[in-house]
Amino acid sequence: AQSVAQPEDQVNVAEGNPLTVKCTYSVSGNPYLFWYVQYPNRGLQFLLKYITGDNLVKGSYGFEAEFNKSQTSFHLKKPSALVSDSALYFCAVRPLNQAGTALIFGKGTTLSVSS
Amino acid sequence: SAVISQKPSRDICQRGTSLTIQCQVDSQVTMMFWYRQQPGQSLTLIATANQGSEATYESGFVIDKFPISRPNLTFSTLTVSNMSPEDSSIYLCSVRDNEQFFGPGTRLTVL
């Protein structure tokens, strides 16, 4: 079965420090990988995606993610966290050879950035 | 990017009743999806609703409970039928237009 795992329910970091939100996946074939963010009482916003090419992908709001095929991981990172980054983050995957399918989501990780 | 609106944004309903959620997109899109996000949970795909064909439901979801209409390339509805408190969730419309975009969601509470 295809799945996405986000092992941490919550990540706490101080403002200005680097942050990492972890994601691992299990899919058949090569995947499209995504990160979305959900602010309170708002819809999901697309942050970034990996399809092919450079393993380090840059996205919105200074976020980046590193694709590691051998570890089947796609961790979200930011060099310096802001209080405004506090939100719920979802990792998602879609198999490359299944263009008609919807995204499969992880359970989400709450990021809390303290001032 | 596609802009998606949903109506209603929230509702409180009595058990046994039905609610129809509307999803409007500002551009024509072929692929549309309906997700459910239960409290404290991730997003679960309910069905895929492509224009011109019957909706395809995921395991655990059936047409009698969640009938879907997709009359054109910019609009869809999801009905939650014969509701129970377990149906209390956020229901999200989503479209694929190069990326996959999500509506703001409909927060449903069933008493």
Report task. Quick one: in the range B:29-81, of everything that is among the charged types (D, E, K, R) and within 14 Å of A:Ala102 (Cα to Cα), which residue is nearest to the chain's Cα centre (by Cα)? Result -> B:Arg36
Report task. Can you confirm whether the range B:16-38 contains a residue that is closer than 15 Å to B:Ile4 by Cβ, of a type in the set (Val, Ile, Thr) and facing chain A (nearest Cβ under 10 Å)? Result -> yes
**Report entry** Single residue of the range B:75-89 satisfying the filter (over 14 Å from B:Phe33 (Cα atoms) and in contact (Cβ under 8 Å) with a residue 40 or more places away in the chain) that is farthest from the other protein chains (Cβ to nearest Cβ)
**Finding:** B:Asn82
**Report entry** When residues of the range A:33-44 are limited to those that are at pLDDT below 90 and more than 9 Å from chain B (Cβ to nearest Cβ), the one surrounded by the most Cβ atoms within 10 Å (Cβ to Cβ)
**Finding:** A:Tyr39
Report summary line: Going through the range A:55-100 in order, the residues found to be without any contact (Cβ under 8 Å) to a residue 40 or more places away in the chain, within 14 Å of chain B (Cβ to nearest Cβ) and crowded, with 17+ Cβ neighbours inside 10 Å are A:Val57, A:Gly59
Query raised in the report: Would you say A:Thr52 is free of Cβ contacts under 8 Å to residues at least 40 places away in the same chain and either on the phi > 0 side of the Ramachandran plot or out of contact with any Phe, Trp or Tyr (no Cβ under 6 Å at 6 or more places or on another chain) (or both)?
Result: yes
Query - So A:Lys22, is it modelled with pLDDT under 95, closer than 16 Å to A:Gly106 by Cα and surrounded by 13 or more Cβ atoms within 10 Å (Cβ to Cβ) - result: no
Query raised in the report: Restricted to the range A:1-14, and to residues that are assigned to a strand (DSSP E or B) and more than 11 Å from A:Cys91 (Cα to Cα), which residue is farthest from the chain's Cα centre (by Cα)?
Result: A:Ala14
Report task. Output the residues belonging to the range A:45-54 that are within 12 Å of another protein chain (Cβ to nearest Cβ) and under 12 Å from the mean Cα position of the chain (by Cα). Result -> A:Gln45, A:Phe46, A:Leu47, A:Leu48, A:Lys49
Query raised in the report: Of all the residues that make up the range B:20-44, how many are buried (at least 18 other Cβ atoms within 10 Å of the Cβ) and more than 13 Å from B:Ser94 (Cβ to Cβ)?
Result: 1
Report task. Quick one: B:Ile12 ticks every box in (1) more than 13 Å from chain A (Cβ to nearest Cβ); (2) within 15 Å of B:Gly105 (Cα to Cα); (3) surrounded by 13 or more Cβ atoms within 10 Å (Cβ to Cβ) except a single one, so which number is it? Result -> (3)
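The values are calculated or read from the model by the stated rules, or taken from the named source; none is laboratory data. If you're wondering where the values come from, they're calculated on a predicted model, not measured in any experiment. Cβ atoms come from the backbone with ideal geometry, glycine included; neighbour counts cover every protein chain shown.
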